[in-house]
Amino acid sequence: MSIQMESTEPASGRKARQITGDFPLKSKRLLFLGSSVTYGSAAAGVSMADDIRILDGCQVVKEAVSGTTLADRDSSSYLSRLKRVGTGQRFDAVICQLSTNDATQKIPLGSVSGGRNFGAFETATVAGAMEAIIVYVKDTWNCPFVVYTGTRYDSAQYQAMVDILPLLQEKWGICILDLWNDDEMNAVSEEDYAVYMKDKIHPTRAGYLQWWTPKFRSFLYELFT
């Protein structure tokens, strides 16, 4: 479901850490592609995508459906939904979630291919689907492609997915927002973690606004400056 969100204040009494200076995201158009974490399923449907839209005055299309996979398995997969986003729209960046659903459902990881043509990728695998998504974004909107990971939890399958991102970056020049290996994110106290996370995968409202959103804003500020 593509959602052009209307402006509302964040549903939290706690204030996000402010970034000083100019607002390089103002008037930018961002497409967030993902599943439950991008949607904000443990935060009443409000995620960092909504926070960024509100705090920075940019336009956001949030293409997020809970339970969906990168691997192209059916009409709800990332690639299938991406193809339904209007090609006449302009985006300054596409920000894609490295979905934990592929790890949970034990989707084959696959490998980064030697080819560059859209039809050459094994889209039933994580790596092949990622390559197809990257090429589709490049060919359709020719804008920066950012892939972001979840924060660390106990999953060898997801670790393997994170580990292929540098190979995709080397081949395609994508940007990586790696929360999984981020020392600052991993240093959060147990007390704060209990407030910030509903479970090992899904942030709460406070988790987005206080923990994830500042990291996304800092990353995107650097991207656009």
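The values are calculated or read from the model by the stated rules, or taken from the named source; none is laboratory data. None of the values given here were measured: they were computed from a predicted structure. Don't worry about glycine lacking a Cβ; one is built from the backbone with ideal geometry, like all the others, and counts go over all protein chains shown. Protein only, heavy atoms only, side chains kept; ligands, DNA and RNA dropped before computing areas. Shrake-Rupley method; radii C 1.70, N 1.55, O 1.52, S 1.80 Å.
Quick look at the numbers
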item: DSSP-loop trypsin sites (Lys or Arg not before Pro) across the stretch 146-225, with at most 16 other Cβ within 10 angstrom; result: Arg152, Lys198, Lys200
item: Rounded accessible area per residue of the stretch 82-225, 1.4 Å, Å²; result: 44 Å²
item: Point-charge dipole on Cβ atoms (K/R +1, D/E -1) for the chain, about Cα centre, debye to 20; result: 620 debye
item: The stretch 53-93, relative contact order [Cα under 8 Å, separation at least 6], %; result: 21 percent
item: Extended-chain gain in nm, criterion 0.36 nm per residue less alpha-carbon gap, Lys83 and Gln157; result: 24.0 nm
item: Per-pair calculated FRET efficiency, R0 = 35 Å: Ala44 and Ala187 via Cβ, rounded to 0.05; result: 0.80
item: Residue (of Ala194, Asn181, Ala44) at the positive-pole extreme of the chain, dipole from beta-carbon charges; result: Ala44
item: DSSP H segments from the chain that extend 15 Å or more along their own axis, Cα-based, with Kyte-Doolittle mean of 0.0 or above; result: 126-140
item: Within a Gaussian network of the chain (alpha carbon springs, distance under 10 Å), most fluctuating of Asp50, Asp183, Asp199; result: Asp183
item: Percent RCO, i.e. relative contact order, over the stretch 135-224, from Cα pairs under 8 Å lying at least 6 residues apart; result: 25 percent
item: Helix-only CD estimate at 222 nm, as mean residue ellipticity for the chain, using -39500 (n - 2.57) per DSSP H run (n ≥ 4); result: -9000 deg cm²/dmol
item: Cross-link reach list, lysines versus Lys198, counting only Cα pairs under 22 Å and skipping chain neighbours closer than eight places; result: Lys15, Lys62, Lys215
item: The chain: most fluctuating residue of Val137, Val65, Val188 per GNM, C-alpha cutoff 10 Å; result: Val188
item: DSSP beta bridge pairing in the chain, given as percent antiparallel to the nearest 5; result: 20 percent
item: Kirkwood Rh, angstrom, the stretch 55-192 [1 / mean 1/r, Cα pairs]; result: 15.7 Å
item: Most fluctuating residue given options Ser99, Ser76, Ser189, as computed from a GNM of the chain linking Cα atoms under 10 Å; result: Ser189
item: Global form of the stretch 98-137, assessed from the alpha-carbon gyration tensor, a/c cut-off 1.5; result: prolate
item: Within straight-line cross-link reach of Lys106, lysines at Cα separation under 21 Å, skipping those fewer than 8 residues along the same chain; result: Lys200
item: Qualifying aspartates and glutamates (Cα of each under 16 Å from Cα of Lys83; at least 8 residues distant if same chain); result: Glu63, Asp72, Asp74, Glu131, Asp139
